[in-house]
Amino acid sequence: MTDFSMKLNEDQTTLRDWVHGFAADVMRPAAHEWDEREETPWPIIEEAAKLGIYSLDFLANAFADPTGLSMVLVLEELAWGDAGLCMSIMGSSLAVAGIMANGTPAQQMEWLPQCFGSPGDIKIAAFAVSEPDAGSDVSSLRTRAVYDEATDEWVLNGTKTWITNGGIANLHVVVASVDPSLGGRGQASFVIPEGTPGIRMGQKFQKMGIRASHTAEVVLEDCRIPGANLLGGKEKLDERLARAREGKRSSSQAAMATFEATRPGVGAQAVGIARAAYEYALDYAKERKQFGRAIIENQGIAFKLADMKTRLDAARLLVWRAAWMARAREPFTAGEGSMSKLFAGEAAVHITEEAIQILGGYGYVREYPVERWHRDAKIYTIFEGTSEIQRLVIARAISGVRIL
């Protein structure tokens, strides 16, 4: 007998089925409306909070799974329900990841509960890294954080862009440069709580997909925060900057530490979208008749579905492997986290496009959900590291060469 198994345990199956029920009963019926409205779906978030899905305890319990799979199971089911609604429910988890990756235990205890609030008093959080001139190249951030020793405050100035929950969040985690000469090694993360002067929303973006998720600029103008809001503390930052100035390697960067932790989760969302499109296309192909028989009886359709299912399962396995490795603290020596996000994102685009093709004209109209799934899928080859950046990470990992 062997201990190895790819079968989910009872707790994982129960969790998956419970979240699937929420996705099917609450998210699916509301998805079209909120896609059309392009607004934050507060009633859906509130319903998730009442059930306990939108909460710090839920997130902590999912991440506590020693196999690493519970969180990606949850994300796949929520994205199967609707990717935009999923992002609205899970968008605060980006800030949670930033605080967990860089904050002290005391800071984690203080700030993590404030990312969610409670049923009837919902709070949301945002993680702000990207800038107009620094998307994929996070080492080139222009947002500056300057320490005012006289008042023990940090003063932040700059503009962030493409920020989920940006400007409307009750708490923002902002990555800024404290020493531009050091590039990515000279950056740090800061918590900006609700009501802080000097932070505001800039442009809100109207997007192709995930339209139920709020995406906007965050503008910082002489935004002053207490010294205690520097994640990790100033002593740790000063030590890290000193090592960097001496040319010594740093174990992590503020932004990359967060992205590495979240990439398998992003891949899981892409798998959820792809699965939704595959299942819909499969059912349609069994029911749709042309020339006196169901269209799935034609190899041209059947082979498409075979390829879609194969890509879907391969993407999920890559996500599961990366999630397990991250939880087991196994190093991504071949860019396994990036592999999962890269393959799943591109698989979602391909599978949703094939679903449209199988439905024909029906796949192209908004009355049917596959066109929305295709619009939603595309962002998974762009945000939290484009497909090109993922390939760069993988190529550098497998070659040991500084590929540009």
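For the stretch 36-78, the candidate set comprises residues that are assigned to a helix (DSSP H, G or I) and acidic (Asp, Glu); within that set, the residue that is nearest to residue 216 (Cα to Cα) is 36.
In the stretch 49-67, of all residues being within 18 Å of the chain's Cα centre (by Cα) and aliphatic (A, V, I, L, M), the one that is surrounded by the fewest Cβ atoms within 10 Å (Cβ to Cβ) corresponds to 60. Of the residues making up the stretch 117-147, those that are of a type in the set (A, V, I, L, M, F, W, C), in contact with a helix residue (DSSP H, G or I) (Cβ under 6 Å, 6 or more places away or on another chain) and not in a strand (DSSP E or B) are 124, 129, 138. Scanning the stretch 189-209 for residues that are outside any strand (DSSP E or B), surrounded by 14 or more Cβ atoms within 10 Å (Cβ to Cβ) and in contact (Cβ under 8 Å) with a residue 60 or more places away in the chain gives 207, 209.
Of the residues 169, 150, 212, only one is assigned to a loop (DSSP other than H, G, I, E, B), surrounded by fewer than 22 Cβ atoms within 10 Å (Cβ to Cβ) and modelled with pLDDT of 95 or more; which?
On the way: 169 fails: surrounded by fewer than 22 Cβ atoms within 10 Å (Cβ to Cβ); 212 fails: surrounded by fewer than 22 Cβ atoms within 10 Å (Cβ to Cβ).
Within the list 169, 150, 212, the selection yields 150.
Return the residue satisfying two criteria in turn: it lies in the stretch 37-48 and is out of contact with any Leu (no Cβ under 8 Å at 6 or more places or on another chain) and not acidic (Asp, Glu), and of such residues it is surrounded by the most Cβ atoms within 10 Å (Cβ to Cβ). Top of the filtered list is 48. Going through (1) surrounded by fewer than 17 Cβ atoms within 10 Å (Cβ to Cβ); (2) over 18 Å from residue 271 (Cα atoms) one by one, residue 21 falls short only on (2).
Output yes when any residue across the stretch 353-371 is in contact with a His (Cβ under 7 Å, 6 or more places away or on another chain) and over 18 Å from residue 391 (Cα atoms), and no when none is. Checked against the condition, which is being in contact with a His (Cβ under 7 Å, 6 or more places away or on another chain) and over 18 Å from residue 391 (Cα atoms), the stretch 353-371 yields at least one hit. Of all the residues in the stretch 372-391, those that are buried (at least 19 other Cβ atoms within 10 Å of the Cβ) and farther than 24 Å from residue 278 by Cα number 4. Exactly one residue out of 343, 383 is within 28 Å of residue 280 (Cα to Cα), assigned by TED's automatic domain parsing to the domain that holds residue 296 and touching a strand residue (DSSP E or B) at 6+ places or on another chain (Cβ under 9 Å), and it is 383. Looking across the stretch 1-18, the residues that are of a type outside the set (S, T, N, Q), surrounded by 14 or more Cβ atoms within 10 Å (Cβ to Cβ) and either touching a Phe, Trp or Tyr at 6+ places or on another chain (Cβ under 9 Å) or assigned to a helix (DSSP H, G or I) (or both) come down to 15, 16, 18.
The values are calculated or read from the model by the stated rules, or taken from the named source; none is laboratory data. Predicted model, so just to flag it, every value in this text is computed and none were measured. We place every Cβ from the backbone using ideal geometry, glycine too, and count neighbours over all the protein chains shown.
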